[in-house]
Amino acid sequence: MNEEVIKPVTRIFCDFDGTITRKDSGDEFFRVFGQFDQLHSALIQGRYTVVEYYKQICSTLQISSQEAVQSFSDNCEIDAYFTQFLEYIQSKNWTCTIVSDGFDAYIKPILNRIECNDLHISCNALKQDQYSGNWFPIFPNADERCKCFCASCKMKVVLGTSHPDDMIIYIGDGLSDTCPVHVADMVFAKGSLASYCNQHGIVHHNWNSFFDIVSVLKKRSPVSRDIARKERKKIFIAE
C-alpha cells in the first residue's frame, strides 16, 4: 500500500498587536479599561512575568458593557494595506493564521470590522467570573518550555499547525515573536523583533506596512531556510 504523500504548503503566521493594528491595541485596551501604567512598568522592570502581569491587570478591568469594547475596537487603526495583503495571499492559495499574545475580547471585534472573521486566530481568552464579576485570562497555548516574553507560545502554534516541510512565513514586531522566527523560512520583522533578528543573525525583511510585505512577496518567492527546516524537524523528532 502506498503511503499518502503530504504536499508541502505555504503557511503565513502573523502577529496582531502593532502588526495588523498600527499601535499596540493590547496595551491600549488595558490602558482604557484597566490600571495600566503601574503594572506595565512593573512588567518592563522584570517584577512580573507576562503571565503574572496579565493576571494582575485583568483583575483591574472595569468594562461597563460590550458596547464599550466595540467602541474601543472601532477606533483601533488597522494597517491600510492589510486587506490587500490578504487578497494577495488568497490568490496564491496560501494560508494565514493570526498568532497573538493578546486577547479575543478586542481582536475579534477589530477583525469583524474589516470582515476578516474567517481567519484562523490563536490568542488568549478573556473571561468574566459570573459570581464576582472579575475578569481573568486564559492561555490556551501556554508552554512551560517557552522562554519568550509571552504567555502563550507562538512557536507551539506554528509547529502544531504545520508540517516540517511546509514553507513558513512569519510577520511580527515584538518580543513575543522572537520564538517562532527561529523556525520560519521567511521573516518580516520591525521594531524590537528586527533588533532581535539582527542580534541573532536571522535573515529578515524590514517592513513598515503590509504594502512593503506584498511588494517583497511579489518580487521574491519564499525560499526554504535550511537552518529553520532543520530546527523544525529537530523539535518534531524530540516530541
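The values are calculated or read from the model by the stated rules, or taken from the named source; none is laboratory data. Note that this is a predicted model, so its numbers are computed, not measured. All Cβ positions, glycine included, derive from the backbone under ideal geometry; neighbour counts span all protein chains shown.
The numbered conditions (1) crowded, with 17+ Cβ neighbours inside 10 Å; (2) in contact with a Phe, Trp or Tyr (Cβ under 7 Å, 6 or more places away or on another chain) are all true for Leu193 except (2).
Any residue in the stretch 32-39 that is over 24 Å from Leu119 (Cβ atoms), hydrophobic (A, V, I, L, M, F, W, C) and without any contact (Cβ under 8 Å) to a residue 24 or more places away in the chain? For the stretch 32-39, residues over 24 Å from Leu119 (Cβ atoms), hydrophobic (A, V, I, L, M, F, W, C) and without any contact (Cβ under 8 Å) to a residue 24 or more places away in the chain: present.
Each residue in the stretch 9-33 was checked for being touching a Ser or Thr at 6+ places or on another chain (Cβ under 7 Å), buried (at least 22 other Cβ atoms within 10 Å of the Cβ) and in a loop (DSSP other than H, G, I, E, B), and 3 of them qualify.
Taken over the stretch 82-105, the residue count meeting the criterion of being aromatic (Phe, Trp, Tyr) and under 14 Å from the mean Cα position of the chain (by Cα) is 1. Scanning the stretch 125-150 for residues that are touching a Lys or Arg at 6+ places or on another chain (Cβ under 9 Å), under 14 Å from Val99 (Cβ atoms) and surrounded by 15 or more Cβ atoms within 10 Å (Cβ to Cβ) returns Asn141, Asp143, Cys146, Cys148.
Only one of the numbered conditions (1) modelled with pLDDT under 95; (2) hydrophobic (A, V, I, L, M, F, W, C); (3) surrounded by 19 or more Cβ atoms within 10 Å (Cβ to Cβ) is violated by Trp207, and that is (1).
Kindly indicate whether Gly102 is under 30 Å from Pro164 (Cα atoms) and at pLDDT 95 or above. Taking the combined requirement at face value, the residue satisfies it. Kindly check whether there is at least one residue in the stretch 187-196 that is of a type in the set (Ser, Thr, Tyr), in contact with a Lys or Arg (Cβ under 7 Å, 6 or more places away or on another chain) and more than 22 Å from Asn93 (Cβ to Cβ). Checked against the condition, which is being of a type in the set (Ser, Thr, Tyr), in contact with a Lys or Arg (Cβ under 7 Å, 6 or more places away or on another chain) and more than 22 Å from Asn93 (Cβ to Cβ), the stretch 187-196 yields no hits at all. Residues in the stretch 142-167 that are closer than 20 Å to Ala105 by Cβ and at pLDDT 90 or above: 5 in all. For the residues Val183, Val223, the requirement of being exposed (fewer than 14 other Cβ atoms within 10 Å of the Cβ), farther than 30 Å from Ser65 by Cβ and in contact with a strand residue (DSSP E or B) (Cβ under 8 Å, 6 or more places away or on another chain) singles out Val223.
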